[in-house]
Amino acid sequence: MFRLVSLEPGSASLRFCYAAVFWLIVPGVLGLILATFLYLPAVADSLPLAVKPYLSFGRLRPAHVNVAIFGWLSQVYFAAILFILPRLTRTPLYSERVAHANWWLWNLMVAGSLVSLPMGLTQGREYAEMIWPLDLLFVLNIVLLAVNIWGTVARRREPKIYVSIWNFMAATMVTVPIYAVGNKIWDPSGAYLGMNDNIVNYFYVHNLFNAWFTTAGVGLALYLLPKLSGKALYSHRLGLWGLWSVWTGQHHQLYSPAPDWLEYLTIVFSILAAVPTTAFMVNFFMTMRSRWHLAAEDVALRFLVTGAIFWGLTCVQGVSHSFRTFSMVVHFTNWVVGHSHLAFVASYSFWAFALTYLMVRELTGRAAYSRRLMEWHYWLTTLGMLIFMISMWVAGLIQGQNWSTYSIPFLQTVITMKPYFGARLLGGAMAGIGILCFAENVRRAARGRQPVTAPTHAWSGQ
Amino acid sequence: MKPNLVYLIGGSLISLLLGIIVTIIIPAQDPAGPSASAQPYSEEESRGRDIYLREGCHYCHTQQVREPEAGRGMVHQRGDIGPESVPGDFYHQSPVFWGTLRQGMDLAHVASRPGIGDNAGWHELHFRNPRAVSPGTVMPSYDYLSADEIQSLTAYILTLR
């Protein structure tokens, strides 16, 4: 029977896993609809008038992004943080009840965004589209998560605090003020006036990425790596380097009307960001040394490793975008679409896939339903995303070069995109089928009756 | 350095606070007044701007001309993307629609393009059926908007001079 709140250890974490997998289908479907509209605009034209407004590109685009980053990815983060905490502190979770409240309120927020955004209720700022009541829910949720993190750490029986937990503590602590400032939480309109609105928006966009998706995400990867490879982390100190996020937000808007000094500052800091990211990559590859063969057998580890390689590429691209000359060519083009999917899908979501497989196995005591489905999931998603991203990068370079001739009519540069939009649709559809394999695998494991092994939701350490 | 809670809390908060001061508060001290192209919006133009926001036009259209491309044409004819955007252009705007992607063209100075951009009739036709006037465009048709809404949206677009 489904109860509102369960006090069983690990139950909130498991619910977050299931909800994440459920929400993952939504941005997948929305993404395919959007890609279809760009490839074949006639499909959008032919929709009946009753549904047309709600399926309009400009309304579905923020719904796609918000449900992907908050409905899917963030919920895996919640699940994994609640899963990892008792194991690394050798202590029960501070409050399973708070964790369940967290689950209900977070899913209320995600459902609210999926209803409000297609209705055109939006604040219209990147990653900050959610309307005011949902903004308040976001902050409340991160505070509740922080209560559980800090409360569990305070009661820990393991004196040493593993690097992942440092990352979780730092992430929750800075995400709240970043979200509050970025969304102008004290004002229901949620927007600042004039140029400052955009400066704050990109402070928020990049720092939400730094503080939440990267700081917490790297913490998750540094937990998974020793766990799945069976080898201790190469260096704990190197891991800590990743804690220090930087102020790189304005590199999203080079050559913009914002002050030049701010752009130069952000360029310097973006280049400095190469230090912690290199530290992470060194740590990752040194830990994996002599364990690479395990990735052939273990699909979860393979997702982790592939995600880390894509993460390295994300960082290389990120630093290169912060140079004005390169930005001038690729900014505003489809290159950026490739880059954002490289970060959110091919890196962080790949880690999230690995985490979900691990957590469902440990929390239910049942292994994934089918090894073959896992392989399909891996290969369809990896190859599909490669086709998606490469087509967008090529498209972006062509677009940028076409624009900088200053002689080709703009409409012609749009028509040139058609084959690349087609390739993106194909790659996206492959990744979408991969995601369905994943969801089906998790659903079957959840529904299974006989535990394969004893459940391991005791706080038995790593 | 041995990590402890003081370093973690202090370091994170100082880094965040400095970030807010240097990258948000100090830039906001710049007293740029409105530029020549920034006019307060009429009631109808404001309504149109709200429709632009609601329909998410800014996901495919930027309103931001960068210095190297300023005054150089890539839309219809030479020079027609218009002058470089300056802070004062956005004086009356909240939120701003700088945008991140150009699936469609930049609209910062769209209403300065003679014959098309400054022609209300062209815009109304284009909103209802983009492919009738721009063959090959991927813009969705906004035929679900009411006549009033199309008129307000057009009034807003014509402020982008």
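The values are calculated or read from the model by the stated rules, or taken from the named source; none is laboratory data. Note that the structure is predicted; figures quoted are calculated from it, not measured. Backbone-built Cβ (ideal geometry, glycine too); neighbour counts: all protein chains shown. With ligands, DNA and RNA removed, areas are computed over all heavy atoms of the protein, side chains included. Shrake-Rupley method; radii C 1.70, N 1.55, O 1.52, S 1.80 Å.
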message: Could you work out the relative contact order of chain B? I mean the mean sequence separation of Cα pairs under 8 Å and 6+ apart, divided by the number of residues, in percent.
response: 25
query: Just the accessible area per residue of the protein assembly as shown, please: how many Å² with a 1.4 Å probe?
result: 38
- request: Would you check the accessible area of A:L397, probe 1.4 Å, heavy atoms only, in square angstrom rounded to 10?
  value: 70
- line: Between the modelled labels at A:S235 and A:I415 (7 Å from Cα along Cα→Cβ) the distance in nm is 5.6
statement: Over all pairs of different Cα atoms in the range A:189-340, the reciprocal of the mean inverse distance gives a Kirkwood radius in Å of 16.8
- prompt: In percent, what relative contact order does the range A:144-272 have, based on Cα pairs under 8 Å that are 6 or more apart in sequence?
  reply: 26
- request: Find the all-direction average of the projected area of the Cα convex hull for chain A, expressing the result in square nanometres with one decimal place.
  value: 22.2
task: Rounded to the nearest 100 Å², what's the accessible area chains B and A bury against each other, both chains counted, probe 1.4 Å?
output: 6300
query: Amide H neighbours of B:G73 under 5 Å, counting only residues 5+ apart in sequence or on other chains, H built in-plane at 1.01 Å?
result: B:G79, B:D80, B:I81
query: On the first, second and third principal axes, largest extent first, how far apart are the outermost C-alpha atoms of the range A:279-357 in Å?
result: 43, 24, 15
query: What is the magnitude of the charge dipole of the range A:38-180 about its Cα centre, with +1 placed on the Cβ of each Lys and Arg, -1 on the Cβ of each Asp and Glu, and no other charges, expressed in debye to the nearest 20?
result: 540
- line: At R0 = 41 Å the Cβ-Cβ FRET efficiency linking A:H293 and B:I14, nearest 0.05, sits at 0.40
Sequence of B:L53, A:L208, A:L383, A:L49 from largest to smallest accessible area, 1.4 Å probe: A:L49, A:L383, B:L53, A:L208
query: Between the range A:270-343 and the range A:71-146, what's the alpha-carbon centroid distance in Å?
result: 26
- line: In whole µm²/s, the translational diffusion coefficient that Stokes-Einstein assigns to the range A:131-267, given a Kirkwood hydrodynamic radius over C-alpha pairs, 25 °C and 0.890 mPa s, equals 147
task: Any chance you could get the radius of gyration and Dmax over the Cα atoms of the range B:27-100, in Å?
output: 13.6, 38
field: Loop-located trypsin sites (Lys or Arg not before Pro) in the range A:154-227, at most 10 other Cβ atoms within 10 Å (DSSP)
entry: A:R157, A:K160
Debye equation applied to the C-alpha atoms of the range A:1-61, log10 I(q)/I(0) at 0.21 Å⁻¹: -0.81
field: In the range A:1-99, the trypsin sites (Lys or Arg not before Pro) that fall in loop regions by DSSP, at most 13 other Cβ within 10 Å
entry: A:R3
Å³ per residue enclosed by the Cα convex hull of the range A:160-220: 63
- line: A:L105 and B:A147 label points (each 7 Å along its Cα→Cβ direction) are spaced in nm at 5.0
message: Keeping all protein chains in place and using 1.4 angstrom, which order do A:V329, B:V110 fall into by accessible surface area, from largest down?
response: A:V329, B:V110
task: Quickly work out the B:A132-to-A:V115 label distance, labels modelled 7 Å from Cα along the C-beta direction, and quote it in nm with one decimal.
output: 3.7
task: State the percentage of accessible surface on chain A attributable to carbon and sulfur atoms; use a 1.4 Å probe and exclude ligands, DNA and RNA.
output: 70
- request: Can you tell me the relative contact order of the range A:1-145? Whole percent, Cα pairs under 8 Å, sequence separation 6 or more.
  value: 33
- line: With bins of 5 Å, the percent of all Cα-Cα pairs of chain B per bin from 0 is 2, 8, 14, 19, 17, 12, 7, 5, 5, 4, 3, 2, 1, 0
query: What's log10 of I(q)/I(0) for the range B:81-146 at q = 0.11, 0.18, 0.27, 0.28 Å⁻¹, Debye sum over Cα points only, no solvent?
result: -0.33, -0.86, -1.28, -1.28
- prompt: With heavy atoms of protein chains only and a 1.4 Å probe, what residues of the range A:201-219 have at least 50 Å² less accessible area in the full set of chains than alone?
  reply: A:F203
Value of Rg/Rh across the range A:107-155 [Cα atoms, Kirkwood radius]: 1.15
message: Using C-alpha positions alone, give me the convex hull volume of the range A:320-462 per residue in cubic angstrom.
response: 113
